[in-house]
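Below is one structure; the comments refer to it alone.
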Amino acid sequence: MARSRPDPEAVLRERPFARIAALERLEPLGDGEGHSGRAFLAHAADGRRFKLRVCASPRRAREIEQCMRGLPHVFPRLLAREGRYLLIELLDGMQVFDRKQLRPYAQRLGRFCAEIHGLGEPRGLGGRVRARLAAARIRLRFARQLRALRRQGLVDADLERRIRRAWRAWRRRWGVPVSLDLHDAHKANFMIDGQGRLRFVDEDGLHYTLRGIGLGKLLADQGVRPDSPKRMREWYRFCQGYAELADAGYLTPGYLDGVQMVELVRSIEFKLRREARLFKVDAELAELRELAERVKPAAGSADPSGDRHERRDVHP
């Protein structure tokens, strides 16, 4: 069952942003199968149109507001916040549906990801205590989602064991690095405005989570298709852009494989729970099986039965 949206009539009765515009009609944005389903196209009485996002709480709205104001050249303009409501500039530019259209922006995408990661450091992240709490939530959520796939019969005992082994091996090497990041950094969430500037339009995807989690969807084929010259050139430009602002040394194929494995488990479990876009599940399961084979313990190390030798969780 798809997640229910806020009642637009109830939202209008609260008369949000009356000092800016008299909002008279709200239309859902998107197909209702995404993570939030809480954004509306807002029509004002004077003919203007806006994007209205209804957040789960005022606290979440404030967090998104801080991120958007911290990177005004990346996100559409945030016009105002009232409680759990955000009023955002509506971009009437070209929607990007094809990765080929994003390819010329690879270097800019790298800078964008580095800026997002840097925005959460160090004060915004809340220090090491918040980082450790977030890392613990990531571990627990991954375990819960993997168990759900096992109960659904999509993952058998052998595959579950291989996924857990790969996840432990990855954690021993990198820990659980936490940063401000994007859960949904895929092509449909980027737009090119009328001036040819790249914009990210799913501000609700911003969370303190596993660093690089959004790169799974945006750059997943870099490790899978290393023989593609076009993809490799795109990848190098992305890393070049990232390195302009931060150390890109951790962006190795091995690191991205582990991050993508976590993202695939989350994505498959989400689709099953919400009964949304189930036609993608088979392809994602096939990729998950391949990653579980590719992410292996380092040579000479025993197959771990626990986390006794795991690195301490860190954030960049």
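Summary table
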read-out	value
Unique match (being of a type outside the set (S, T, N, Q), at pLDDT 75 or above, in a helix (DSSP H, G or I) and buried (at least 17 other Cβ atoms within 10 Å of the Cβ)) among Ala292, Ala286	Ala292
Residue check for Phe112: in the same structural domain as Lys230 (by TED's automatic domain parsing), modelled with pLDDT of 95 or more, assigned to a helix (DSSP H, G or I) and surrounded by 14 or more Cβ atoms within 10 Å (Cβ to Cβ)	no
Answer residue from the range 72-89, given it is modelled with pLDDT under 90 and either in the same structural domain as Arg199 (by TED's automatic domain parsing) or surrounded by fewer than 17 Cβ atoms within 10 Å (Cβ to Cβ) (or both) and is farthest from Tyr236 (Cα to Cα) among those	Pro72
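The values are calculated or read from the model by the stated rules, or taken from the named source; none is laboratory data. What you see is a predicted model; the values in this text were computed from it and never measured. Glycine also receives a Cβ, built like all others from the backbone with ideal geometry; neighbour counts cover every protein chain displayed.
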